[in-house]
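Notes to accompany the following structure.
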Amino acid sequence: MPHPASGGAQFLQHTRKIIRFTRKGCTNRPFYHIVVMESFRDQQDPVIEQVGTYDPLPNQHNEKLVSLNLERIRHWVGNGADVSTPVAQLLGLCGFFPIHPRSYMTAWRNRRAQAPSENNSSS
Amino acid sequence: MALNMARVWCRCSSYCIKKNNFPNVGVNFLHLSRSVAGYERDPAPLFFSPDVQRIMRKMTKVDVKKVFRSRKLGEKLDAPEYKFLTSEELEQYMKETEKKVEERLQVPPIVKEREEINEVLSVDRALTGYDSAKFVFTDITFGVPNKDRIIVVREPDGTLRKAFWNERFRMNQIYFPEPDRQLRTPHMFEEPYLTNVLDRGEYEFVLDRACVQYEPNDPEYYRVTSTTYDHIEKEQMFDALQSTRHFGALAFYLCWNKQIDNFVLYYIQNDRIEDAVMLIQLFHLLNPESKSAETDSKDALKFIQAYISKDSSRKSVLEIALQSFLELQKQRQFVEEGIKKAHGM
């Protein structure tokens with residue numbers, strides 16, 4: 001019996017692997033699996049292994065839940081797997097990777113977008 | 001371990017300051033100050049010592065019928081099985097049953113309350129405004145026990161910190177659910193309902209469920225169990241827990257907090273002098289500094305008398321109970337002798 005995290009895809013040694021999101025959930029309710037798959041495959045193709053989940057909708061405590069199998073991520077990154085930008089941002093936020101530059105950009109843009117509205121309301 | 005416990009105590013005593021630093025953790029501190037007062041010393045080393053375990057086990061008074069009775073827990077009941085057995089087979093079955101009894105009557109551990117986790121890993125103000133929600137990251141690496149799992153939170157202001165206990169509880173329960181444990185606290189443990197359940201005398205139900213729902217070092221576990229034990233003590237319903245796993249814990253709690261007078265009174269009034277002696281022995285083990293701990297009397301009545309005169313806070317009531325017990329004994333003896341005489345023995 002395969003391991004529960006195994007996605008059933010064929011593992012080929014010399015293809016490029018990527019750690020990326022695949023969208024699960026349904027219409028208007030996104031939910032992502034963080035998976036290892038060959039980088040040229042389609043998003044909904046069978047994956048090599050699932051290494052985490054990401055729920056982008058905040059729960060009642062205003063939390064976005066991310067689960068990461070850090071041991072397996074370490075393994076795949078060590079074996080030369082690429083990491084997609086959204087996943088790299090999450091790994092940066094959790095302190096596993098350095099903070100991704102795009103995270104700083106997003107934060108800065110969000111702050112800038114918020115600033116003029118505050119000025120308008122005060123004036 | 002001792003060092004760790006010392007640190008625990010320091011942190012708990014200065015919790016007000018920490019509360020100001022982290023305004024959103026107020027919920028966790030609700031009961032901390034109260035229950036820390038109940039466990040200033042660490043009960044764990046005493047609780048796990050073989051002497052205390054032996055006395056607690058002895059006090060529980062096994063009634064196999066009560067241990068294995070069918071309980072209405074919403075499960076399907078099995079029809080009883082009848083078998084023909086030789087006496088050796090029967091003996092073997094009895095031995096197996098004894099083992100099962102030991103398992104079922106393990107007293108739930110009494111340990112010191114945990115302290116809140118307030119560890120900031122990094123503060124990156126450049127990330128302020130990245131998202132309006134917190135990010136909670138859980139490491140789901142295979143084979144890591146719940147208490148060692150890495151769980152961290154990135155706050156909207158860019159702070160990366162370790163998760164608080166309530167967050168850890170939720171994440172562990174979401175990704176690695178324990179059977180019968182609920183993600184939200186059952187309403188039963190909230191105040192108007194808890195008193196209601198206790199007034200109906202469902203002590204074992206409450207304590208069993210608290211064992212399932214909470215970790216033994218959870219402040220909420222302390223609150224629920226101590227409320228239950230206090231209620232039992234107030235209502236004198238000590239027999240409700242007899243031959244359940246909670247009886248030892250009840251005795252331990254009452255001895256630890258030096259409120260066994262009602263318990264002793266109950267035993268004396270019910271002619272259970274041996275049990276009263278065991279209870280006072282447990283009291284002495286847990287409070288070696290008490291005045292009557294020195295008494296080494298073999299006579300049960302003198303032993304109890306020493307406790308009453310030196311450590312009891314309800315001396316008069318206990319004295320009267322003991323006297324009436326003695327008189328009752330005398331009368332019984334008198335009647336027995338009379339009967340013997342009447343029978344010409």
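General observations
- Rounded to the nearest 20 debye, the dipole size of the protein assembly as shown about its Cα centre is 1160 debye, using +1 on the Cβ of Lys and Arg and -1 on the Cβ of Asp and Glu.
- Extending 7 Å from Cα along the Cβ direction at residue A:79 and again at residue B:202 yields two label points whose distance is 5.2 nm.
- With contacts taken as Cα pairs under 8 Å at a separation of at least 6 residues, the range B:259-345 carries a relative contact order of 28 percent.
- Average Cα contact separation per residue, the range A:17-84, under 8 Å, 6 or more apart, as relative contact order %: 31
- For the peptides A:100-113, B:102-115, the ranking by mean Cβ contacts within 10 Å, running from highest to lowest, is B:102-115, A:100-113.
- Cα centroid separation, the range B:306-345 to the range A:1-34 (Å): 78
- Segments B:75-85, B:199-209 sorted - mean Cβ within 10 Å per residue, highest first: B:199-209, B:75-85
- Centre-to-centre separation between the Cα atoms of the range B:141-171 and those of the range B:47-98: 40 Å.
- Summary of the geometry: the range B:262-292 and the range B:106-135, compared by the centres of their Cα atoms, lie 43 Å apart.
- Entries of B:112/B:234; B:95/B:302; B:234/B:315; B:112/B:315; B:72/B:99 with Cα pairs more than 26 Å apart: B:95/B:302; B:112/B:315
- Relative contact order computed over chain B (Cα-Cα under 8 Å; 6+ residues apart), in percent: 18
- 1.4 Å probe accessible area per residue over chain B, in Å²: 58
- Zone residues, the range A:44-85, relative to residue A:10, backbone N less than 15 Å from point 7 Å out along Cα-to-Cβ: A:46-48
- Segments A:65-78, B:54-67 sorted - mean Cβ within 10 Å per residue, highest first: A:65-78, B:54-67
- Per-residue shielding of A:62-74, expressed as the average number of other chain Cβ atoms within 10 Å of the residue Cβ, stands at 6.
- Within-10-Å neighbourhood charge of residue B:261 [Cβ basis; K, R +1; D, E -1]: +1
- Accessible area per residue in Å² at 1.4 Å probe, computed on chain A: 59
- Rounded to two decimals, the Cα-based Rg/Rh of the range B:78-153, with Kirkwood Rh, is 1.36.
- Counts of other chain beta carbons within 10 angstrom of each beta carbon in peptide B:139-145 average 5.
- Within 10 Å of the Cβ of each residue in B:123-133, the mean number of Cβ atoms contributed by other protein chains is 6.
- Straight Cα distances below 19 angstrom link residue B:330 to the aspartates and glutamates B:271, B:274, B:299, B:319, with same-chain residues fewer than 8 positions distant left out.
- When accessible surface is computed with a 1.4 Å probe, chains A and B are found to bury approximately 2400 Å² between them, both chains counted.
The values are calculated or read from the model by the stated rules, or taken from the named source; none is laboratory data. Quick caveat: nothing in here was measured; it's all calculated off a predicted structure. So basically every Cβ, Gly included, is an ideal-geometry build from the backbone, and we count neighbours across all protein chains shown. Each accessible area value is taken on the protein alone, full model and side chains, heavy atoms only, with ligands, DNA and RNA left out. Shrake-Rupley method; radii C 1.70, N 1.55, O 1.52, S 1.80 Å.
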